Structures are given as C-alpha cells and as structure tokens.
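Student: Below is one structure. I have some questions about it.
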Amino acid sequence: MSDVLIPGGRDVRGTLEEPTDDPDAIVVAAPPHPRHGGSRSDPRLTAVATALREAGIACLRFDYGPWDEGYGEREDVRNAVRWAREEYDCPVGVFGYSFGASLALLAAADVGPDAVAVLAPTARLADDLDAVDALESLEDGTPVRVLYGERDETVDWEPVVDRARERGDAVTALTGDHFFLGKHDAIASEVATFFADALRS
C-alpha cells in the first residue's frame with residue numbers, strides 16, 4: 001500500500017493498493033458520507049480493495065476534501081479518476097458505497113470511466129446532484145452494476161435500481177439493510193468479479 005495525494009486544488013488523500021504483478025486495470029473507490037464517519041477505511045471499501053488486488057486489479061481508496069455539500073466531493077471523485085487515468089495505462093473503473101455510490105454515478109457521467117459499480121446508492125444528494133439522471137447520461141455500452149439491500153431504509157435506492165433495470169444494467173439484490181453486516185466479503189467478491197470481467201473485456 002502507498003499513500004497518494006490527489007491533485008485538483010482540494011486536500012484529497014488516498015491509499016493505493018496494487019497486486020504483486022503489474023495491474024491491468026484500476027478501480028477508484030469512493031467512501032460513504034464523511035459527516036457520518038465515512039472514510040477510505042470503510043470496511044466495505046477495504047474488502048473490495050482486497051478482492052480487487054487478489055484479482056490483479058489496483059484500487060485507490062480516498063478521503064474527500066473539506067465538506068462541500070456533495071459538490072466538492074463529486075469533484076474529488078472526478079479528480080481521482082483523472083489521476084488513475086494519468087498514472088495507469090489501463091482501463092479505469094469507479095466504485096462507491098452509499099453517498100459515495102451516488103457520487104460515483106455523478107462523476108462517471110462527466111469523466112466516463114470504463115465501468116461503474118455502486119453499492120446502496122441514494123437517488124439524489126441535491127436538486128442538481130441527481131444520481132438517476134447521471135445514470136441515464138452514461139455512455140451507451142458502459143458496464144454498470146448496482147447492488148442494494150432489500151431491507152435498506154437508510155437511502156432512497158429504488159429510483160436508481162428501477163432505472164438501472166430499465167436500462168438493462170446488472171442489478172443485484174442483497175438480503176440485509178444499508179450496512180450489510182456479515183456480507184462484506186460476498187459484496188467484495190461480486191464487485192471484483194464484475195470489474196475483472198468489465199475492465200478486461
């Protein structure tokens with residue numbers, strides 16, 4: 001593991017995990033809400049990073065810069081994807097959980113990663129931070145996987161899941177609530193398998 005300072009004018013720091021051999025893809029992982037304890041150390045993100053590394057894919061987990069109502073945080077995700085593109089000559093994916101899942105979709109609509117996977121996204125962070133609209137505007141052919149908890153009452157995931165199904169994106173329902181206790185390894189395996197397939201195709 002190594003520490004990374006993401007350029008872009010905000011204090012954004014990350015942890016880069018790489019496989020033993022040169023990676024043939026990299027995934028940027030966006031954490032949940034920083035005002036509710038979300039950070040790059042989130043256990044769902046670390047589980048995904050471990051599974052990606054074992055699959056031969058690098059992973060950049062990062063902390064957002066100073067709180068900015070979702071706007072600066074969206075730019076943090078964009079800048080992390082840009083950094084990954086500049087540093088690695090390989091496909092780039094983006095993953096996010098909860099608040100980070102919505103930001104992953106919002107950023108993906110602008111910077112066009114090669115694949116997107118989101119866990120428990122909420123439909124809207126603000127009137128002009130609409131994850132459903134962002135999902136709709138992704139380039140045709142971009143692989144997308146949406147995972148959600150069937151008993152999740154913390155975020156408004158239904159509009160994202162409904163739109164993903166209408167688009168023909170991969171959707172995975174998980175038993176459990178927003179926190180997915182006891183399911184981190186299973187989620188990590190699903191996400192890593194998705195990116196291994198999507199980024200190497």
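Throughout, read-outs are computed from the coordinates displayed, never taken from laboratory work. Owing to the predicted nature of the structure, the values given are computational and were not obtained by experimental measurement. Cβ sites come from the backbone with ideal geometry, for glycine too, and all protein chains shown count toward neighbours.
Student: Could you tally the net charge around Asp24, taking each other residue with its Cβ under 13 Å from the Cβ of Asp24, Lys/Arg +1 and Asp/Glu -1?
Tutor: Summing Lys/Arg as +1 and Asp/Glu as -1 gives -4.
Student: Mind listing the long-range amide H neighbours of His33? Cut-off is under 5 Å, sequence gap 5 or more, other chains count too, H placed in the peptide plane at 1.01 Å from N.
Tutor: Hits under the 5 Å cutoff: Gly38, Phe99, Gly100.
Student: How much net charge surrounds Arg40 when only other residues with a Cβ under 10 Å from its Cβ are counted (Lys, Arg +1; Asp, Glu -1)?
Tutor: Here the count lands on 0.
Student: Please sort by residue number the GluC sites (Glu not before Pro) in the range 13-81 whose DSSP state is loop and whose Cβ has at most 15 other Cβ atoms within 10 Å. Spell out each step's value before the answer.
Tutor: Working: sites: Glu17, Glu54, Glu69, Glu73, Glu75; in loops: Glu69.
Taking the range 13-81 and a limit of 15 other Cβ atoms within 10 Å, the loop GluC sites (Glu not before Pro) found are Glu69.
Student: For the chain, give the share of DSSP beta bridges that are antiparallel, in percent and rounded to the nearest 5; count only bridges with both residues there. Display every interim value, and only then the final one.
Tutor: Values: 12 of 35 bridges.
Expressed as a percentage, antiparallel bridges in the chain total about 35.
Student: May I pose another question? Quick check on the chain: helices-only [θ] at 222 nm, where DSSP H runs of length 4 and up contribute -39,500 (n - 2.57) each and the sum goes over total residues. Nearest 500, please.
Tutor: Calculated mean residue ellipticity at 222 nm is -12000 deg cm²/dmol.
Student: Also, I was wondering about something else. Could you please report the charge total around Val171, scoring K, R as +1 and D, E as -1 over all other residues with beta-carbon less than 13 angstrom from its beta-carbon?
Tutor: -2
Student: Based on the Cα gyration tensor of the chain, what are the three equivalent ellipsoid semi-axes, each the root of five times an eigenvalue, rounded to whole Å and given largest first? Write out the running numbers ahead of the final one.
Tutor: On the way: eigenvalues 94, 71, 56 Å².
Those come to 22, 19, 17 Å.
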